Amino acid sequence: MHFNRRQALISIGLAVFRKAAWSLATPLRPIAWGRNHADLDGSQTPTDTATEDRLRADLARLAPRVYSEEGIPVFLACVNLVPAGPSHQVPKVNLPPFSAALASTFHRNAQAYQRIRPGAVAKDVAPLIEVLADRDFSRGQAAKG
Amino acid sequence: MTTPPRTFTESAAQIEQLFATEPVIRAVNFHNAPRAKADEYDRQLAQYSKLFSSVTEDQLDHYLATGTWTNAKPGLIVSIYEGYRNGYDVLLPLVEKHGFIAWFFVITGFIDSVGKDQLPFALNHEIDMLTREYPDGRYALTWEQLRQIDRKHVIACHSRSHQKLSDMGPSKLREEVVGSQDEFRKQLGHGVRAFASLTGPAYGEHARTDRLIRAADYDFVFSNFRIQRIRAEPSRRA
């Protein structure tokens with residue numbers, strides 16, 4: 001089949017134009033919300049309302065915990081600041097898939113948290129992380145990494 | 001130098017960025033561990049032992065350096081904060097029963113307080129004393145207990161007095177970061193590798209604290225939802 005370069009460029013241009021027009025007609029949302037990614041517990045991305053409902057319920061369930069007398073699950077990011085080799089640059093480490101899933105789930109729930117509690121302050125990320133850790137620790141099948 | 005986040009949006013963005021770009025490890029944080037809750041801790045650790053494996057300092061160092069975890073089960077850092085006496089009496093036997101390594105983050109000033117001074121010290125330094133189960137008034141670990149713990153578990157520094165470092169003058173700050181490490185060297189015969197203070201700062205957020213952390217030869221800095229590896233070689237042990 002003879003390849004018509006001019007026709008191909010026109011087709012690509014039309015496709016880009018249609019996508020741009022569709023995007024303008026779509027309500028503006030943070031980019032990551034549109035992704036169809038796996039949740040930490042394996043389900044597909046829930047709706048905003050479902051995320052809010054589940055978060056609200058988990059925050060209420062965990063609120064009575066006595067921090068000073070209970071084991072509180074959390075996640076810790078592991079940051080290497082040590083340069084190595086002749087380049088004196090910090091080497092790139094392997095990133096387990098769990099990190100990406102956690103970041104994505106955290107993003108969605110942080111957005112939900114702000115809708116639930118519009119006056120949220122910086123330290124409110126703590127209960128949010130604790131909710132996600134509690135779900136992960138209690139679901140019975142820990143992701144590797 | 002980086003600036004600590006001031007709003008929820010900034011803080012959430014920082015955490016999301018960390019989770020997206022760095023390996024993550026799980027931790028469970030204990031503090032005061034009254035005997036009345038021993039069964040609850042037992043059940044909790046039993047459940048975790050099915051899912052997770054223990055983490056030594058060398059394993060953490062390797063994970064921080066490479067992002068590679070070699071055990072079949074993901075690692076779980078079992079952190080026991082402050083230096084409460086019941087960390088030894090109640091939690092430690094359960095931690096060992098379920099095959100974990102405990103990480104004791106110790107406030108050296110709490111340990112150094114003598115009997116009747118421990119309760120006032122705790123109340124003045126944000127060490128929660130909701131349950132007070134020792135009639136003799138000793139609520140903190142002893143150095144002898146810490147030497148026993150040190151044989152199989154991890155001892156880490158949680159500063160000297162459990163106060164916000166960024167508010168301190170130079171000599172007080174030195175005592176918190178370097179003085180506490182000197183105390184570990186004296187009492188354990190070696191320095192400890194990990195440092196955590198009350199509410200941070202993270203390494204890179206407070207220049208004076210950073211300099212002292214390096215001077216004290218710590219390898220790891222634990223702060224809000226992150227562990228930073230700042231040295232390539234294990235600290236000198238003597």
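The values are calculated or read from the model by the stated rules, or taken from the named source; none is laboratory data. As the structure is a computational prediction, the values presented were derived from the model and not from experiment. Note that we place each Cβ from the backbone using ideal geometry, even for glycine, and neighbour counts take in every protein chain shown.
Note on region B:122-136: among residues that are outside any loop (DSSP other than H, G, I, E, B) and over 14 Å from B:R85 (Cα atoms), the one that is nearest to the other protein chains (Cβ to nearest Cβ) is B:L123.
Against the definition (out of contact with any Asp or Glu (no Cβ under 8 Å at 6 or more places or on another chain), surrounded by fewer than 19 Cβ atoms within 10 Å (Cβ to Cβ), closer than 21 Å to B:N29 by Cβ and at pLDDT 95 or above), how does B:D210 come out, yes or no? Against the criterion (out of contact with any Asp or Glu (no Cβ under 8 Å at 6 or more places or on another chain), surrounded by fewer than 19 Cβ atoms within 10 Å (Cβ to Cβ), closer than 21 Å to B:N29 by Cβ and at pLDDT 95 or above), B:D210 does not qualify.
Note on region B:34-82: residues that are at positive phi and in contact with a Lys or Arg (Cβ under 8 Å, 6 or more places away or on another chain) amount to 0.
With the structure loaded, tell me whether B:A33 is at pLDDT 95 or above, closer than 30 Å to B:G115 by Cβ and in contact with a strand residue (DSSP E or B) (Cβ under 7 Å, 6 or more places away or on another chain) or whether it fails that test.
So B:A33 fits the description; yes.
Residues in region B:144-154 that are within 16 Å of B:Q118 (Cβ to Cβ) and under 16 Å from the mean Cα position of the chain (by Cα): B:L146 alone. Restricting attention to region A:110-127, the residues that are without any contact (Cβ under 8 Å) to a residue 60 or more places away in the chain and more than 7 Å from chain B (Cβ to nearest Cβ) add up to 6.
Please work out if B:Q145 is under 17 Å from B:G109 (Cβ atoms), in contact with a Cys (Cβ under 7 Å, 6 or more places away or on another chain) and in contact (Cβ under 8 Å) with a residue 24 or more places away in the chain. Answer is no for this residue. Taking the listed residues B:P34, B:P4, the one that is over 25 Å from A:T105 (Cα atoms) and in contact with an Asp or Glu (Cβ under 6 Å, 6 or more places away or on another chain) is B:P34, with no other qualifying. Can you find a residue that is more than 18 Å from the chain's Cα centre (by Cα) and either part of a helix (DSSP H, G or I) or more than 9 Å from every other protein chain (Cβ to nearest Cβ) (or both) anywhere in region A:90-107? Yes, region A:90-107 has at least one match.
Scan region B:196-229 for residues that are assigned to a strand (DSSP E or B), out of contact with any Leu (no Cβ under 8 Å at 6 or more places or on another chain) and either in contact (Cβ under 8 Å) with a residue 40 or more places away in the chain or more than 20 Å from B:I155 (Cα to Cα) (or both) and the total you get is 1.
Within region A:101-112, is even one residue in contact with a Gly (Cβ under 9 Å, 6 or more places away or on another chain), closer than 19 Å to B:N29 by Cβ and at pLDDT 95 or above? Looking through region A:101-112, none of the residues is in contact with a Gly (Cβ under 9 Å, 6 or more places away or on another chain), closer than 19 Å to B:N29 by Cβ and at pLDDT 95 or above. Here region A:108-129 is the region considered, the condition is being under 15 Å from the mean Cα position of the chain (by Cα) and not hydrophobic (A, V, I, L, M, F, W, C), and the residue that is surrounded by the fewest Cβ atoms within 10 Å (Cβ to Cβ) is A:Q114.
Of the residues examined, B:S180 is not one that is more than 20 Å from B:T2 (Cα to Cα), in a helix (DSSP H, G or I) and free of Cβ contacts under 8 Å to residues at least 12 places away in the same chain. The helices (runs of 4 or more DSSP H) located wholly in region B:8-67 that include 3 or more residues which are without any contact (Cβ under 8 Å) to a residue 12 or more places away in the chain, surrounded by fewer than 18 Cβ atoms within 10 Å (Cβ to Cβ) and more than 7 Å from every other protein chain (Cβ to nearest Cβ) occupy B:8-21, B:38-51. Selection of region B:153-177 for residues being in a helix (DSSP H, G or I), modelled with pLDDT under 95 and of a type in the set (A, V, I, L, M) yields only B:L165.
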